[in-house]
1. Between 335, 512, 451, whose Cα lies farthest towards the positive end of the dipole of the chain when Lys and Arg beta carbons carry +1 and Asp and Glu beta carbons carry -1, centred on the Cα centre?
2. Roughly speaking, to the nearest percent, how much of segment 449-516's 1.4 Å accessible area is carbon and sulfur?
3. Mind scanning 146/230; 157/200; 696/761; 542/614; 288/355 and naming the pairs with a C-alpha gap bigger than 21 Å?
4. When the helix-only estimate is applied to the chain (DSSP H runs of n ≥ 4, each -39,500 (n - 2.57), divided by the residue count), what is the mean residue ellipticity at 222 nm, nearest 500 deg cm²/dmol?
5. In the structure shown, do any of 787/823; 62/85; 296/408; 342/405; 645/737 have a Cα-Cα gap over 18 Å, and if so which?
6. How far, in degrees from 0 to 90, does helix 381-392 lean away from the longest principal axis of the Cα atoms of the chain, to the nearest 10?
7. Just the accessible area per residue of segment 157-213, please: how many Å² with a 1.4 Å probe?
8. Within a Cβ distance under 11 Å of residue 521, other residues only, what is the Lys/Arg minus Asp/Glu net charge?
Amino acid sequence: MTEPTVSNLGVKLEEFCTNLANPDRRVRQRALQGLLELCQSDAVHVDNATDIFDYIYLHILKGYGDKYESCRTVAASVVTEMLEKLPENEFYLAYVIPTIARRIGQKELVEESEELRLQLLEQLTGIVMKYSGRNPVFVGKDPLLKAYNDIVDILLKTLTDPYPNILKQSCVLIKELSLATPSFHYRAEVLANPLMAILKHRHSPIRTAAVEALGTVVLHITTNTDCIVKIIVELSRFVMDDSANVRRECGRVGCQMMLDLRDRYGMFDRILPLVFGCLSDECPEVAKEIENLWVKCGQKFYMENEKELMKIALVDNPVDTYPEEWKRPTLGCRAIAQRGFKMINIILHEMEEWKEEIRLHATLLLTQTVLHAEKAILPYLADIYPVLAKTCMDENRWVAAEAVKVAKLLGSLVDYGDWSTRAMECLEHWPNLGHLKCFIAMFVGSGPSKWSDCIKISKLLISLSINLDSDFQNHLLMITEILVGEYQAHGKEEHELEKNLYRVLVTILALSEEESLPGRIITALMALGQPTSADINDLHRKHLESVVKSIEDLDSINSERSEPILFLYGLLFHCGFHIPAFSALQDAVETVMTLGCAEAKIKILCGVSAAMLKWPETIHTSLEGRVAMLRAFLDTNIVPGLVWKAGFSAESIRAMCATVVAAAARGAPEESFIIVPDIVDHLIVLLDDNLVVIRKYAIASLMASGPLLYDQLRLMAFGFMARLDDPSAEIRYTAAKALTTLKLKAGLEIGQADAWKRVVKEIFSKILIHLDDPDENLRAELVETAKSLGRDYLEEFQEVFGGIPESCSHANEVNDLRAAIEKLSLEKCA
């Protein structure tokens, strides 16, 4: 478009104004478009803008109410262009701002176009920025004062607009208005409720803008403290927002209130959660930024209270146990926090909320509170400790981990003597996982003075050690390992501590069902015994007896899952028999075998079987002494159970008793060689038992026997031969091997020796019959048995197998036996 000259500019303006009154929309729109292009050109400038606007403003502002959106949009654009070129003269505000208010500031919706409402709001923002009191032209003046009510009315309407961009622009306008006019505080309070409603908007940028705007509003509320508190409480909820930007803005607002809020000293307990929540933020950028702002808050507070804090600074040294992973807040920051302890009760309440995110946030707040309070937290420890202990066993692992972190920090910053007694009393009265985890964390964080209480703590752990919960056992072992380390470092002469720690470790070992714990316990026991004990068995010999005698309620009718039964079973299984504790163990087993239910007896017999297998490792004395101990134990507790009784329970107990004897035969072969002949009559009866496992272990036990009298040996031989027809292949193989162990006691009458030879001949005949068995493995085992017996009874061997025709079945086995006969005959002749 050709730029108009000064002479024809008035003509064009008159033409435009005439066309703006034309009833035809197209004419009005072309006129407005031409006027917009004119305003955007260099023909309109600062020098003539005033005259031009004076000529056209009534016509243009009338276009704000045009029937057609396209005309209204261009009219608003013309005014925006003119306002940019007009000099700073508040005269025009009295016309433009009320016009905007009539379009977007009424209770009812006048301007239906969302885009145009946004355009008018942006235009108003531009006006506020242009006519700001910060502008040098308006120094000492308030050009927006007359239009202030219209602007606030517009904001009250636009803050409820459904269009997100309008909400965001409204928040921007609030900030600009607060900077532009010193009169902002007149009606700042009325903006609070609409802004708090926007905080729930689903778009995070809108929430961020609303938080920032509320931070601006709250600084300008001068009379209504309740409104300020309401805003702060509402903002505190959004420190847990999903958006890092929203959380960051909450922290910024909190720090800004710390610096500039009029009544901030009385609001520290309300404002601190905004700051502390961001100091523990999961986003490092947020935490770092707010930390820098927080330091500035501390610096200002220090300057305002320098006289008081300067004296404290002279002796303000960190405790020796101050944790390295934490950065100590400045004195000013700590002084602010120590004025806001009222929030502790709110934090503790929220730590018990049902929502996980609230519990986590509250625990993070407590972390910062403890970090800033240091020893000043002590008066509140009685309230904090129970809640903290409960949170340590929170079902959410992140919450529980943070609670443990708080407990460790608390133990580092507060003197050990100030919390230890109460913590131990709580643990004694409420022996649950939470109190234990809390105590462990505080104990780990505390200083060297804790060594003086190690014996007292070890006694407390003894009372806690009877617990079947795997997590509880794991943490109990953790504190015990720590005490073992302290014992190694400080107290090798503390024999009572060694005894107590051994008792705790062995109890955990006996009751534990978790696979990972026994290895750790063995390591701890080895560390506990060094260097005075050569191995763990030395510790068992020193202290196991007292542990066995401490088991209570064994004389009750306990099930196999009761704690006394599991405890005794675990001691037998893991520790075995030891000479000093043998009598106590024997009495304990006898009590269960006499008074316990069938399931409990079976459980204990399982433990006895395991202990028997460890016999050579744990019992070190003369053969006579070992025989006497084992015989007494078997006669008292095991042999009565071998006697046949009716019923499934009796059958199960009989099976376990047979297992114990078999385990003794394997673990203590020398002693069994002497003892089994005394109980052989009971074992022979078991060869015909209905239960396969009983027959199996009866054979295994009898195989360990030494030489027997003829009558006993004959019964045992026929029992073994009968088992060659057993339904179980394993029993048949074992019976075949067992025939080789038959030994007649020396010094008997000649008649009994001849009679035994006749029994041996029957054994050979039985073997010959079973050479027709289809089981190849059994035939091979029988051939080896025949060869073994043939060395001692060659005459009977030749008599049975020498006359077998070559045409018989299974010629290979027969030929093998003939070859053995020839070889033995040659050896005898030689």
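The values are calculated or read from the model by the stated rules, or taken from the named source; none is laboratory data. Source: prediction; values computed, not measured. Cβ: placed from backbone, ideal geometry, glycine included. Neighbour counts: every protein chain shown. When the accessible area is computed, the model is the full protein with side chains, heavy atoms only, and any ligands, DNA or RNA have been set aside. Shrake-Rupley method; radii C 1.70, N 1.55, O 1.52, S 1.80 Å.
1. Working it through, the farthest residue towards the positive pole turns out to be 335.
2. Numbers: 1270 of 2790 Å².
Solvent-exposed carbon and sulfur of segment 449-516 make up 45 percent of the total.
3. Working: 146/230 30 Å; 157/200 17 Å; 696/761 25 Å; 542/614 18 Å; 288/355 27 Å.
Violating the 21 Å limit, Cα to Cα: 146/230; 696/761; 288/355.
4. For the chain, the value works out to -22500 deg cm²/dmol.
5. Working: 787/823 11 Å; 62/85 20 Å; 296/408 28 Å; 342/405 22 Å; 645/737 29 Å.
Table pairs above 18 Å Cα-Cα are 62/85; 296/408; 342/405; 645/737.
6. Roughly 70 degrees between the two axes.
7. Values: 2250 Å² over 57 residues.
Heavy-atom SASA per residue in segment 157-213 reads 40 Å².
8. Details: positive: 520; negative: 481, 514.
Charge balance near residue 521 sits at -1.
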